[in-house]
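Encoded as structure tokens, the structure appears first; notes follow it.
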Amino acid sequence: MPQPPSLGQSFLRITEPTNINQLSTPQTLVIPPLPASEIVPAAKSESVANSQQLLSPPGFNNFISRDFPNFWQMRVPIEQVGFLYATYEMKAENGRNNAVSNPQSSNSAVQVVIEPLPITEISRDQNSNTALVQGGFRLKMDLSTAQSAGLYGGNVAVTVNRR
């Protein structure tokens, strides 16, 4: 049941699926800009023992994580609820797998890891013997691979299957 690729959005508005096994996702997902406080550790006073330590680069948080627990919804037969799992695949705008890329500098990409979050049941319709379920993912970004600042984009493909 693959779904066409979707981009991200800070507020997720998903149209509730009406048909069985219909997957609904947002068409765009925008991750808000990363604040400097998330990249640069809190200011602290340090002393150095030699000039080499003085010239060493400051420490940065290279790994940033964002959760999107309600990224998709699907209506399924009630008996399938406990047997569903989702897989996610990210492809950068420049074609790289497991990355997002900068459209102004296609060589600049950020490696990402997508971890599935639990699928949860939202509601049941006894008349149709179906349940509405939702799922999402944790996006982990490795900023150490970025070569330039700016916006980065990619496409997320979601596949929901039964065990």
Open item on the list: I want to confirm something. Restricting to region 65-86 and keeping residues that are closer than 19 Å to Thr159 by Cβ and open to solvent by 60 Å² or more (accessible area, probe 1.4 Å), which single residue is nearest to the chain's Cα centre (by Cα)?
Closed with: Pro69
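This table checks each residue for (1) more than 16 Å from the chain's Cα centre (by Cα); (2) in contact (Cβ under 8 Å) with a residue 60 or more places away in the chain; (3) buried (at least 18 other Cβ atoms within 10 Å of the Cβ); (4) farther than 15 Å from Ile64 by Cβ.
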residue: Ala99; (1), (2), (3), (4): no, no, yes, no
residue: Val110; (1), (2), (3), (4): no, no, yes, no
residue: Val113; (1), (2), (3), (4): no, no, no, no
residue: Ile119; (1), (2), (3), (4): no, no, yes, yes
residue: Arg124; (1), (2), (3), (4): yes, no, no, yes
residue: Ala131; (1), (2), (3), (4): yes, no, yes, yes
residue: Thr145; (1), (2), (3), (4): yes, no, no, no
Open item on the list: Give all pairs with beta carbons closer than 8 Å in which a residue from region 34-47 that is at pLDDT 65 or above meets a residue that is assigned to a loop (DSSP other than H, G, I, E, B) and open to solvent by less than 60 Å² (accessible area, probe 1.4 Å); count only pairs at least 6 apart in sequence or on separate chains.
Closed with: Pro41/Gly59
- [ ] Taking the residues in region 18-33 that are open to solvent by 60 Å² or more (accessible area, probe 1.4 Å) and either of a type in the set (Val, Ile, Thr) or free of Cβ contacts under 8 Å to residues at least 12 places away in the same chain (or both) as candidates, determine which candidate is nearest to Ile78 (Cα to Cα).
- [x] Ile20
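The rows are residues; the columns are (1) out of contact with any Lys or Arg (no Cβ under 8 Å at 6 or more places or on another chain); (2) closer than 20 Å to Pro26 by Cβ.
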residue	(1), (2)
Glu89	yes, yes
Glu93	yes, yes
Ile114	no, yes
Ile119	yes, yes
Asn127	yes, no
Gly135	yes, yes
Gly150	yes, no
- [ ] Would you mind stating whether Gln104 is touching a residue at least 24 places away in the same chain (Cβ under 8 Å) and surrounded by fewer than 13 Cβ atoms within 10 Å (Cβ to Cβ)?
- [x] yes
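The values are calculated or read from the model by the stated rules, or taken from the named source; none is laboratory data. Please read all numbers here as calculations on a predicted model, not as lab measurements. Cβ sites come from the backbone with ideal geometry, for glycine too, and all protein chains shown count toward neighbours. We work out accessible area using only protein heavy atoms, side chains counted, and drop any ligands, DNA or RNA first. Shrake-Rupley method; radii C 1.70, N 1.55, O 1.52, S 1.80 Å.
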